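Peer 1: Below you will find the structure I want to go over with you.
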Amino acid sequence: MSKKLADLGIEAPVLLAPMAGITDAPFRNLVAGFGAGLVVSEMVASHEMLHGKPEARARADLGLGQAQTAVQLAGCEAAPMAEAARMLTGEGVRIIDINMGCPAKKVVNGYSGAALMRAPDHAMKLVAAVIGATHVPVTLKMRLGWDDASLNAPEIARMAQDAGVRMITVHGRTRCQFYKGRADWRAVARVKAAVDIPVVVNGDITDLASARAALAQSGADGVMVGRGAQGQPWLLAQIAAALAGQPVPEAPGTEARFALIRAHYRAILAFYGDDLGLRVARKHLGWYLERIAGADALRAAIFRMNCPDDVLRALTPTQSLAA
């Protein structure tokens with residue numbers, strides 16, 4: 001266990017990545033319950049929070065005050081970023097993470113996310129504004145750079161550390177790569193060498209073997225898992241146990257897994273309401289059932305259902321499922 005992470009109240013060096021449309025409160029709570037070191041909210045745009053947009057509030061509200069939860073904030077102007085940080089702090093947030101890594105066009109076209117890596121001085125104004133507006137730890141998530149010609153993550157990391165950032169997570173791709181190719185964990189080592197604060201490596205970490213390899217190649221203090229957690233929210237706890245040299249908990253068996261899926265489904269419906277929840281849940285159900293042998297027909301049937309009660313009745317092991 002890295003003492004540097006422990007100083008931030010992060011007890012296990014395995015973190016859940018923020019993922020739009022995925023790391024909502026029901027999923028974060030589930031992953032945290034198994035034993036992740038930290039779970040991070042979906043990206044919340046600072047101006048949306050200040051204007052009270054319900055979808056922005058929903059992304060950040062649940063999890064405030066919980067030790068294992070960070071809220072990720074995005075923006076391109078210092079004043080709204082600072083005000084959003086003050087708002088979150090007043091509501092009990094434990095950690096604020098600044099987004100400098102999102103590659104989505106609608107985000108970078110607004111000069112937020114990974115676009116900030118093209119303007120480090122301006123980015124540091126946002127960082128300073130957020131740090132000046134809160135007493136809680138401020139962390140930063142970024143990529144290696146905008147493209148292969150501007151791999152400036154080490155320089156930005158040093159600037160962020162000097163400004164008061166407490167931890168940096170690096171996705172081992174450039175913005176222009178989006179999610180193509182392979183994450184370059186070795187390149188993250190240059191960021192680790194540039195700063196004294198904890199560094200977390202992210203990208204293509206899907207199991208214990210890839211977590212070990214990412215840590216070995218990057219020298220990082222922890223790993224951040226994204227898409228690998230889809231359909232297996234217990235994965236982070238398994239990786240954390242193995243890295244700590246503790247017995248690795250087994251994945252839930254068929255009966256327990258279906259009970260977990262039903263509980264997650266009910267939590268989604270309670271959070272979003274039946275109409276929206278029915279649609280939001282489909283991707284999660286798909287990921288779960290993809291990992292259960294013999295569940296292809298059940299998966300296809302559930303995707304055609306428009307009544308939550310019908311879905312819940314169908315989410316039980318049947319003789320058609322392989323052992």
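The values are calculated or read from the model by the stated rules, or taken from the named source; none is laboratory data. Predicted model only: the values in this text are computed from it and were never measured. Cβ coordinates were reconstructed from backbone atoms using ideal geometry, including for glycine residues, and neighbour counts include every protein chain displayed. Ligands, DNA and RNA are excluded from the accessible area calculation, which covers all protein heavy atoms including side chains. Shrake-Rupley method; radii C 1.70, N 1.55, O 1.52, S 1.80 Å.
Peer 1: State whether the residues of region 188-200 include one that is in contact (Cβ under 8 Å) with a residue 12 or more places away in the chain and closer than 13 Å to A17 by Cα. So that I can check it myself, show each step before the final result.
Peer 2: Within region 188-200, the subset in contact (Cβ under 8 Å) with a residue 12 or more places away in the chain is 188-200.
When the remaining residues are screened for being closer than 13 Å to A17 by Cα, the result is 200.
Scanning region 188-200 turns up at least one residue that is in contact (Cβ under 8 Å) with a residue 12 or more places away in the chain and closer than 13 Å to A17 by Cα.
Peer 1: Shifting gears a bit: Tally up the residues in region 81-104 that are over 19 Å from the mean Cα position of the chain (by Cα) and assigned to a helix (DSSP H, G or I), please. Give the steps one after another, and end with the answer.
Peer 2: We begin by selecting, within region 81-104, every residue over 19 Å from the mean Cα position of the chain (by Cα); these are 81-84, 86-87, 89-92.
Adding the requirement that they be assigned to a helix (DSSP H, G or I) leaves 81-84, 86-87, 89-90.
Residues meeting the conditions: 8.
Peer 1: Also, I was wondering about something else. Residues of region 153-169 being over 22 Å from L16 (Cα atoms) and β-branched (V, I, T), which ones?
Peer 2: I156
Peer 1: So D97 clears everything in (1) touching a Pro at 6+ places or on another chain (Cβ under 8 Å); (2) at pLDDT below 95 except one condition, right? Which one?
Peer 2: With respect to (1) touching a Pro at 6+ places or on another chain (Cβ under 8 Å); (2) at pLDDT below 95, D97 is out only on (2).
Peer 1: Looking at (1) open to solvent by 50 Å² or more (accessible area, probe 1.4 Å); (2) touching a helix residue (DSSP H, G or I) at 6+ places or on another chain (Cβ under 6 Å); (3) within 28 Å of S210 (Cβ to Cβ), which is the only condition G245 fails?
Peer 2: The one condition G245 does not meet is (2).
Peer 1: Okay, moving on. Take the conditions surrounded by 16 or more Cβ atoms within 10 Å (Cβ to Cβ) and either touching a residue at least 60 places away in the same chain (Cβ under 8 Å) or over 20 Å from the mean Cα position of the chain (by Cα) (or both) and apply them to M117. Does it pass?
Peer 2: Working: surrounded by 16 or more Cβ atoms within 10 Å (Cβ to Cβ): yes; either touching a residue at least 60 places away in the same chain (Cβ under 8 Å) or over 20 Å from the mean Cα position of the chain (by Cα) (or both): no.
The answer is no for M117.
Peer 1: Which one of E83, E77, E91 is touching a Leu at 6+ places or on another chain (Cβ under 7 Å), open to solvent by 10 Å² or more (accessible area, probe 1.4 Å) and modelled with pLDDT of 90 or more?
Peer 2: Working: E77 fails: touching a Leu at 6+ places or on another chain (Cβ under 7 Å); E91 fails: modelled with pLDDT of 90 or more.
Going through E83, E77, E91 in turn, just one is touching a Leu at 6+ places or on another chain (Cβ under 7 Å), open to solvent by 10 Å² or more (accessible area, probe 1.4 Å) and modelled with pLDDT of 90 or more: E83.
Peer 1: Please indicate, with yes or no, whether at least one residue in region 291-299 is at pLDDT below 95, in a helix (DSSP H, G or I), more than 30 Å from G37 (Cβ to Cβ) and among the aliphatic types (A, V, I, L, M). Outline the logic, then answer.
Peer 2: Going through region 291-299, the residues at pLDDT below 95 turn out to be 291-299.
This time we only want the ones that are in a helix (DSSP H, G or I), so: 296-299.
Subset that is more than 30 Å from G37 (Cβ to Cβ): 296-299.
Filter once more, so that each one left must be among the aliphatic types (A, V, I, L, M): 297-298.
Yes, region 291-299 contains a residue that is at pLDDT below 95, in a helix (DSSP H, G or I), more than 30 Å from G37 (Cβ to Cβ) and among the aliphatic types (A, V, I, L, M).
Peer 1: Let me ask you something else. Output yes when any residue across region 224-233 is closer than 22 Å to G145 by Cα and open to solvent by 30 Å² or more (accessible area, probe 1.4 Å), and no when none is. I'd like the intermediate steps shown before the answer.
Peer 2: Going through region 224-233, the residues closer than 22 Å to G145 by Cα turn out to be 224-227.
From what's left, open to solvent by 30 Å² or more (accessible area, probe 1.4 Å): 227.
Yes, because at least one residue in region 224-233 is closer than 22 Å to G145 by Cα and open to solvent by 30 Å² or more (accessible area, probe 1.4 Å).
Peer 1: Determine, yes or no, whether S218 is within 20 Å of the chain's Cα centre (by Cα), hydroxyl-bearing (S, T, Y) and open to solvent by 10 Å² or more (accessible area, probe 1.4 Å).
Peer 2: Numbers: within 20 Å of the chain's Cα centre (by Cα): yes; hydroxyl-bearing (S, T, Y): yes; open to solvent by 10 Å² or more (accessible area, probe 1.4 Å): no.
For S218, the condition - within 20 Å of the chain's Cα centre (by Cα), hydroxyl-bearing (S, T, Y) and open to solvent by 10 Å² or more (accessible area, probe 1.4 Å) - is not met.
Peer 1: For L276, state whether it is assigned to a helix (DSSP H, G or I) and closer than 21 Å to M19 by Cβ.
Peer 2: Numbers: assigned to a helix (DSSP H, G or I): yes; closer than 21 Å to M19 by Cβ: yes.
Yes, satisfied.
Peer 1: While we're here: Looking at I261, I302, which one is more than 21 Å from I205 (Cβ to Cβ), over 21 Å from the mean Cα position of the chain (by Cα) and open to solvent by less than 20 Å² (accessible area, probe 1.4 Å)?
Peer 2: On the way: I261 fails: over 21 Å from the mean Cα position of the chain (by Cα).
It is I302.
Peer 1: I need a count of the residues in region 123-148 that are open to solvent by 10 Å² or more (accessible area, probe 1.4 Å) and under 26 Å from D184 (Cβ atoms). First the steps, then the outcome.
Peer 2: Taking region 123-148 and keeping what is open to solvent by 10 Å² or more (accessible area, probe 1.4 Å), we get 124-125, 128-129, 131-137, 141, 144, 146-148.
Subset that is under 26 Å from D184 (Cβ atoms): 124, 141, 144, 146-148.
Selection size over region 123-148: 6.
Peer 1: Continuing with the same structure: For region 158-169, which residues satisfy the criterion of being open to solvent by 40 Å² or more (accessible area, probe 1.4 Å) and within 20 Å of the chain's Cα centre (by Cα)?
Peer 2: Residues of region 158-169 that are open to solvent by 40 Å² or more (accessible area, probe 1.4 Å), as a first pass: 158-159, 161-162, 166.
Hit for region 158-169 is R166, nothing else.
Peer 1: Look through G172, G181 and report the one residue that is among the small types (G, A, S), open to solvent by 20 Å² or more (accessible area, probe 1.4 Å) and closer than 28 Å to G21 by Cα.
Peer 2: Working: G172 fails: open to solvent by 20 Å² or more (accessible area, probe 1.4 Å).
The match here is G181.
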